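**Student:** This is the structure I want to talk about, given as structure tokens.
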Amino acid sequence: MKVVQKTLLPLILFFMVLIGASSFIFFLNDAKNKQFKLVENNLLQEAVAHFDNMLITRLWNAQHGGLFVEEHEGIEPNPYLKNNFILGKDGKKLIKINPAWMTRQISEISNTKSKYYYKITSLNPLNPHNVADEFETKALKYFEKDPNAKHYYSFQESDGIKKRFDFMGPLKVEPACMQCHAHQGYKVGDLRGGIRVSIPSDNYNETIQFIQDNTKKTQSYVLLGAIVMFFIMMYFVVNNLRYQSKVEFLNATLEQKVLDRTQDLKNLNESLEYKIKEAVEQNKKQENILANQEKFVSMGKMISMIAHQWRQPIAVISMGINNILVDLELGEKNSREFQEELKTISKQTEFLSNTISDFQKFLELNVEYTFVSLKSVVQDAVSAEKWDILNSNIKVSLSIEKNIPDIVSSKDELLQVLHNIIKNAIEALIQNSIKEKMIYVEVRQDDFFVYASIKDNAGGVKQEIVDKIFDPYFTTKEEFNGSGLGLYMSKLMVEKHLQGTLTLQNVEDGACFTVGLPKELKKS
């Protein structure tokens, strides 16, 4: 399966990069088309401006009833206009320039002096020079079909190249036009013809070519970038696969390292060797159950957990014995004080024995349920850590709500969980060098649950690891000081065996672990 995944991963990355590059190229093409449209709209607006200027000029002429210009070379009366001239007082001929004649005169000047081309035309012209060509005929018929159309335009192309932009706007009969065109049967508002404006498309073609060239360059850069990105991603993927292979190799040797540590632990605890062997033999018998239930990965990990739970009680026993020997030599303590220290040692020894039993019960799934006083279990858990609490100058505040009912639970597993949490609090206070070390223990209830909360003032758990604190093999302690299984096992015990909850919350200046147990167990 892993080989297949490693083979498919480069293909997946390739298609991801290909899809991303294709999407971006599609976006570039869409942007290019929008720019083409914008350039065309600019050309259209330019033609509309020329057309509007011509209309305004004609309107001014019509509002004044035409203009009269003294006859001279290059100007002659409009042969298609009645009363096309008058004689002045001095006998000189004054030629009448009506809007149509003025439009033609302006067009002829523009057509010879500039690149712009104007023409007034009609499907029913008075002047044969104004007969509509193919483009003009299409435009005028288009206006007849759609009286509300404001313009008609198209490009004149040759060999696939746009040569010019042809535009036409409609001319409708105004009241001032009737003096010349009433005899043709027109009415105000009728379509009489149109004014053509032709604009050279040199600038348009240059702009379009510029946009196309830049789009092609950008697409090339995108493809090049996609190729570079693919190889960069492949570089990191290959490195990651190599790293995973290294991790798999290290994991393969981890079990042997755990077994080596287990052997060291056996040598350290010769007096308890028999119980450890007995526990190992029992665990071997439960190997098939462990595999089906997916609780532990290997026997070495289980023994590592036992070692983690034993390390501190053994240290307490060793320190207590050394203190007794010193006190015996010095003779500074009475028999009662010796008895107290021996009781502490006895409790720690009992805890070691119970640890073996707890792990056996956990594996066997045969949890012994009895009526348990949460108040009593909490007090026992605090008492078990009395030695470390006193030696570390830790103050314990115990708050127990009245009328806490007994519940059906497993006393040994509950004691193991509370002991583990209190021990972690002590270690956190010592590790963080807190001056005034405090542990607050509270027992309370609601309608359905009883709760035991253990809070310290060690600064709390870093926010980035709060979600990992109950993960197996996750530890904040230095190497060899913790296996990362204590809280994981505690959570399993509470949830699977005790049908309760174990939660962590950072409050004020510390961390608060809360064990919630149901007042009534659900029937399985």
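**Student:** Pop a pseudo-label 7 angstrom from the Cα along the beta-carbon direction at both Lys115 and Glu157 and give the gap in nm to one decimal.
**Tutor:** Output for this residue pair reads 2.1 nm.
**Student:** Right, something else. Give me Rg/Rg_expected for segment 33-161, where Rg uses Cα atoms only and Rg_expected = 2.2 N^0.38 Å with N residues. Intermediate results must be reported in sequence, preceding the final value.
**Tutor:** Numbers: Rg = 18.0 Å, N = 129, 2.2 N^0.38 = 13.9 Å.
Ratio of Rg to 2.2 N^0.38 Å for segment 33-161: 1.29.
**Student:** Stokes-Einstein diffusion coefficient for segment 27-91 at 4 °C in a medium of 1.567 mPa s, Rh from the Kirkwood formula over Cα pairs: what value in µm²/s?
**Tutor:** Details: Rh = 16.2 Å.
In µm²/s, the coefficient is 80.
**Student:** Return the inverse of the average 1/r over all pairs of distinct C-alpha atoms in segment 367-524, which is the Kirkwood hydrodynamic radius, in Å to one decimal.
**Tutor:** Details: mean 1/r = 0.0626 Å⁻¹.
Final number for the Kirkwood radius of segment 367-524 is 16.0 Å.
**Student:** Sort the following peptides by mean Cβ neighbour count (other Cβ atoms within 10 Å, averaged over residues), highest first: 375-384, 122-131.
**Tutor:** Details: 375-384: 18.5, 122-131: 15.0.
Highest mean packing first, the order is 375-384, 122-131.
**Student:** Run the quick spin-label model on Gln379 and Leu259: label points 7 Å from Cα toward the beta carbon, then report their separation in nm to one decimal.
**Tutor:** The modelled label-to-label distance comes out at 4.7 nm.
**Student:** Give the order of Ile465, Ile394, Ile439 when sorted by the count of other beta carbons within 10 angstrom, beginning with the fewest. Working shown, then result.
**Tutor:** Numbers: Ile465 11, Ile394 20, Ile439 24.
Lowest count first: Ile465, Ile394, Ile439.
**Student:** Distance cut-off 23 Å, Cα to Cα: go down the list Lys277/Lys386; Lys34/Lys119; Lys119/Lys141; Lys34/Lys115 and report the pairs above it.
**Tutor:** Details: Lys277/Lys386 30 Å; Lys34/Lys119 31 Å; Lys119/Lys141 17 Å; Lys34/Lys115 28 Å.
Long pairs (Cα-Cα over 23 Å): Lys277/Lys386; Lys34/Lys119; Lys34/Lys115.
**Student:** Treating only the Cβ atoms of Lys and Arg (+1) and Asp and Glu (-1) as charged, compute the dipole magnitude of segment 84-233 about its Cα centre; round to the nearest 20 debye.
**Tutor:** On the way: 21 positive and 15 negative charges, 113 e Å.
The dipole of segment 84-233 has a size of about 540 debye.
**Student:** Using the per-residue mean of other Cβ atoms lying within 10 Å as a proxy for protection, in what order, highest first, do the peptides 418-430, 34-46 fall?
**Tutor:** Numbers: 418-430: 22.4, 34-46: 14.1.
Highest mean packing first, the order is 418-430, 34-46.
**Student:** Peptides 444-457, 232-245: what's the order by average Cβ count within 10 Å, highest mean first? Walk me through the numbers on the way to the answer.
**Tutor:** Values: 444-457: 18.1, 232-245: 12.0.
Answer by packing, highest mean first, reads 444-457, 232-245.
**Student:** Something else about it: With r defined as the distance between the Cβ atoms of Glu508 and Leu342 and R0 fixed at 51 Å, what FRET efficiency is calculated, to the nearest 0.05?
**Tutor:** On the way: r = 39 Å, r/R0 = 0.76.
Step by step, r from the Cβ atoms, then E = 0.85.
**Student:** Separation of segment 17-76 and segment 94-125 by C-alpha centroid, Å?
**Tutor:** 19
Every number here is computed from the coordinates shown, using simple stated rules; none is lab data. Everything numeric in this text was worked out from a predicted model, so none of it was measured. Every residue, glycine among them, receives a Cβ derived from its backbone with ideal geometry; neighbour counts consider all protein chains shown.
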